[in-house]
Amino acid sequence: MPRRTHRRILTVTRPLSRCVLGLLTAVCLLGSPSVEAERLKDLASIGGVRQNQLIGYGLVVGLDGSGDQTTQTPFTVQSIINMLGNLGVTLPPGQSLQLKNVAAVMVTASLPPYARPGQQIDVTVSSMGNARSLKGGTLLMTPLKGADGQVYAMAQGSLAVSGAGGAAPSGGKVTVNHLSAGRIPSGATVERAVASPVGQGDSVFVELNNTDFGTAQKVVDAINAVAPGSAQAVDGRQIQVRAPEDPNQRVAFLGKLENLDVTPAIQAAKVIINSRTGSVVMNQKVALQNCAVSHGSLTVTITNEQQVSQPGAFSGGQTAVTNKGGVDIKQEGGNIFNIKGGTNLADVVKALNAVGANPLELIAILQAMKASGALRAELEVI
């Protein structure tokens, strides 16, 4: 009985030695040790001047057969029945709607500070059912509510979807970008204004984007240089500033503050690791102490052999296929590398590159260095 053999070998290799990195895989070199001056508006914001998130539920119509499958999304059918009832159209009880051009969507927007009724804002429309595409659709009038349940804007308009796609009768399809979400530029009109406390009282508060006592003190010094005795630090994030009570003078005063040049304090040494992508980012204050690092080489080989047994002619037998697999693991010895300590970022990068580790190994090495005390920085995994 003749036998035919098909052999397939899958090899998964993870080299752990002599794999030289050109630079740490996304290491951020922050330049010279000196820190450049920045505008105050880039480092902080004025207390009370903030955006507010809005959300709403609506319907998109006019789709080219790519809407929700109403048998699987009953909320779409219920929304259509309610909408038609509000428009004076009554459907017979128990009516089953089979629609292909409608999709249930969630509408989100950000209400900018000091937005006034009549101002237009952009909205984002995202499918919440099983619609294949929102391209070419029109959002029907949708109220947008804030966290307090009040309606602050009304959205309506034609969607702009950047994606494209097509499907063949055989089942194949091609999709470019994302078709289940789109935007409507100036698609909502503000109906209610949000009160802001900035114009109340004799003081305003400057709030740093990141808590830092050194930067807070430098902001106080910069403000007092142009308005002596007007600023004092409340904590490492907030600075209280006396401001004119007249609204026009207060606006001019705040505009002057926002354009002050402030040199922020140097941040604490930190290494950011993304374990999903293997990215490693470190700032300029990262330092290393002398340490020794050893790593080896691990190779995993997976084999899958298919054997086909073909019966002889007129024997009445059946063709049989069997699988024969195996797993082989090999590990080579590793070398011990002496890493010299350094306080300069370029020296740290050079020392780590000398180990010859790939990004995933580098993450493990940095964690071990932190545990041993050789890495003088905060290690954060995202």
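Would region 257-271 turn up any residue that is of a type in the set (V, I, T), surrounded by fewer than 17 Cβ atoms within 10 Å (Cβ to Cβ), within 30 Å of L366 (Cα to Cα) and modelled with pLDDT of 85 or more?
yes
Conditions (1) in contact with a strand residue (DSSP E or B) (Cβ under 9 Å, 6 or more places away or on another chain); (2) modelled with pLDDT of 90 or more, marked per residue:
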site: V12; (1), (2): yes, no
site: L21; (1), (2): no, no
site: L24; (1), (2): yes, no
site: G31; (1), (2): no, no
site: I55; (1), (2): yes, yes
site: L63; (1), (2): yes, yes
site: L84; (1), (2): no, no
site: L97; (1), (2): no, no
site: A103; (1), (2): yes, yes
Checklist outcome for this item: Within region 188-209, restricting to residues that are outside any loop (DSSP other than H, G, I, E, B) and of a type in the set (G, A, S), the one that is modelled with the highest pLDDT is A188
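For K340, indicate whether it is at pLDDT 85 or above and in contact with a helix residue (DSSP H, G or I) (Cβ under 8 Å, 6 or more places away or on another chain). Even if it seems obvious, please write down each step before you answer.
Working: at pLDDT 85 or above: no; in contact with a helix residue (DSSP H, G or I) (Cβ under 8 Å, 6 or more places away or on another chain): yes.
Judged against the criteria, K340 is not a match.
Taking region 82-99 on its own, how many of its residues are surrounded by 15 or more Cβ atoms within 10 Å (Cβ to Cβ) and more than 17 Å from M154 (Cβ to Cβ)? Explain how you work it out, then say what you get.
The first filter runs over region 82-99 and keeps only residues surrounded by 15 or more Cβ atoms within 10 Å (Cβ to Cβ), leaving 83, 99.
Next, from what is left, pick out any that are more than 17 Å from M154 (Cβ to Cβ): 99.
Result for region 82-99: 1.
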Checklist entry - Counting just the residues of region 127-160 that are open to solvent by less than 40 Å² (accessible area, probe 1.4 Å) and hydroxyl-bearing (S, T, Y), which one comes out farthest from V77 (Cα to Cα)? => result Y152
Checklist entry - Assuming V349 fulfils every condition listed in (1) part of a helix (DSSP H, G or I); (2) at pLDDT below 70 apart from one, which condition is it? => result (2)
Checklist entry - Taking region 210-242 as the search range and keeping residues that are polar (S, T, N, Q) and part of a loop (DSSP other than H, G, I, E, B), which one is least open to solvent (accessible area, probe 1.4 Å)? => result S230
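Just the residues that are open to solvent by less than 40 Å² (accessible area, probe 1.4 Å) and over 30 Å from S66 (Cα atoms), please, taken from region 181-192.
First pass over region 181-192, keeping only residues open to solvent by less than 40 Å² (accessible area, probe 1.4 Å): 181-182, 184, 187-188, 190.
Matches in region 181-192: V190 only.
The values are calculated or read from the model by the stated rules, or taken from the named source; none is laboratory data. No experiment lies behind these values; they were computed from the predicted model shown. Note: ideal-geometry Cβ built from the backbone for every residue, glycine included; neighbour counts use all protein chains shown. For the accessible areas, the whole protein counts, side chains as well, though only heavy atoms, and no ligand, DNA or RNA atoms are used. Shrake-Rupley method; radii C 1.70, N 1.55, O 1.52, S 1.80 Å.
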